[in-house]
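Presented below is the structure to which this report refers.
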Amino acid sequence: MIIDSHAHLSDERLIGRVGEISDSLLLSGLESVFEVGFDLQSSKSAIRLAREYDNIYAIIGTHPHEAKYYDAQTEEFYIQNACNKKVLAIGEIGLDYFYDKSDRDVQRDVFARQIQLADKVGLPIVLHIRDAYGDAIEILDAHRDKLNHGVLLHCYSGSAEMIKQFNKYNCYYALGGAITFKNAKKDDVIMALPEDRLLVETDCPYMTPVPYRGQTNEPKLVNLVVDKIASIKGVEREKIESITYENTKRLFFKYCK
């Protein structure tokens, strides 16, 4: 059984098919999907989908792109809804210096505030880090006493060497469709990741794995991610299914209310 640990079913390309996707998860070997917010409205949508479908869970938070819109009302919503048993984490939060859609000082401030918020409500954090690993590590170091409920690096794109730095925070690492791309060159990273910290995701509708690049990604295609990891590691796919399933359960359901 597989859990898709990161999806955006609220996207316009998928929202009209959520019922169909939910109904077909088991047939595709999936137990559940985690719907991830990136701002106030998408976090509200994640909670709504989690309420409507038993096999969809919500992760709520403000993405670095949207950091400029983070305010007291948004923060209060996250705090009030963290007690919902279908809300599993605060995310996706972090830093993105590739697009710089929010000022970097604002990104850093909002990232730190949401780390503190997650610790306050007793939930793990799901990180989006792009071209900003140095500053991200600096912020995590400064808030190390707040990293008490688990840290997941969504769509990990760092080096094998950098894994050693993140391991000091007992991080988990999620891999998605990018590892199937022709120019991925991720074999050394996949081999370096601790097996007891490995998760899988789609990030759908984005990051569609080969051979479906150019089409809309969806949860069932997480199977191709599992296949690729198994191939690189030279193990049976059932082993990757098992370890990623157990790791996901350990991280996200350990602190269930």
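The values are calculated or read from the model by the stated rules, or taken from the named source; none is laboratory data. Note that the coordinates shown come from a computational prediction; the quantities given were computed from them, not determined experimentally. When we count neighbours, we look across all protein chains shown, and the Cβ atoms used for this are built from the backbone with ideal geometry, even at glycine. Just the protein is used for accessible areas: all its heavy atoms, side chains included, with ligands, DNA and RNA removed. Shrake-Rupley method; radii C 1.70, N 1.55, O 1.52, S 1.80 Å.
Here the Karplus relation 6.51 cos²θ - 1.76 cosθ + 1.60, evaluated at θ = phi - 60°, turns the backbone of region 145-158 into coupling constants of 6, 9, 8, 9, 10, x, 9, 10, 8, 5, 6, 4, 10, x Hz, with x for every Gly and Pro.
Short to long, the 5 Å bins of the Cα pair-distance histogram for region 186-245 hold 4, 19, 29, 23, 18, 7, 1 percent of all pairs. Taking a straight Cα-Cα cut-off under 18 Å and skipping sequence neighbours fewer than 8 places away in the same chain, the lysines within cross-link reach of residue 85 are 44, 120, 249, 254, 257.
Summarising the amide proton neighbourhood of residue 128: residues at separation of 5 or more, or on other chains, whose placed amide H is nearer than 5 Å comprise 93, 94, 95.
For region 1-97, a Kirkwood radius taken over Cα pairs fed into Stokes-Einstein (20 °C, viscosity 1.002 mPa s) yields D = 158 µm²/s.
Based on the Cα gyration tensor of region 114-183, what are the three equivalent ellipsoid semi-axes, each the root of five times an eigenvalue, rounded to whole Å and given largest first? Walk me through the numbers on the way to the answer.
Values: eigenvalues 103, 35, 20 Å².
The answer is 23, 13, 10 Å, longest axis first.
Taking Cα centre as origin and charging only the Cβ of basic (Lys, Arg, +1) and acidic (Asp, Glu, -1) residues, the dipole magnitude of the chain rounds to 360 debye. Largest GNM mean-square fluctuation across 41, 107, 73, computed for the chain with C-alpha springs under 10 Å, falls on 73. Global size of the chain: 16.8, 49 Å for Rg and Dmax (C-alpha atoms, Rg to one decimal, Dmax whole). Applying 1/(1 + (r/R0)^6) with r as the Cβ-Cβ distance of residue 104 and residue 24 and R0 = 51 angstrom yields a FRET efficiency of 0.80. The residue 76 and residue 236 beta-carbon pair, evaluated with R₀ = 51 Å, returns a calculated FRET efficiency of approximately 0.60.
Surface analysis of the chain yields an accessible area of 44 Å² per residue, using protein heavy atoms and a 1.4 Å probe.
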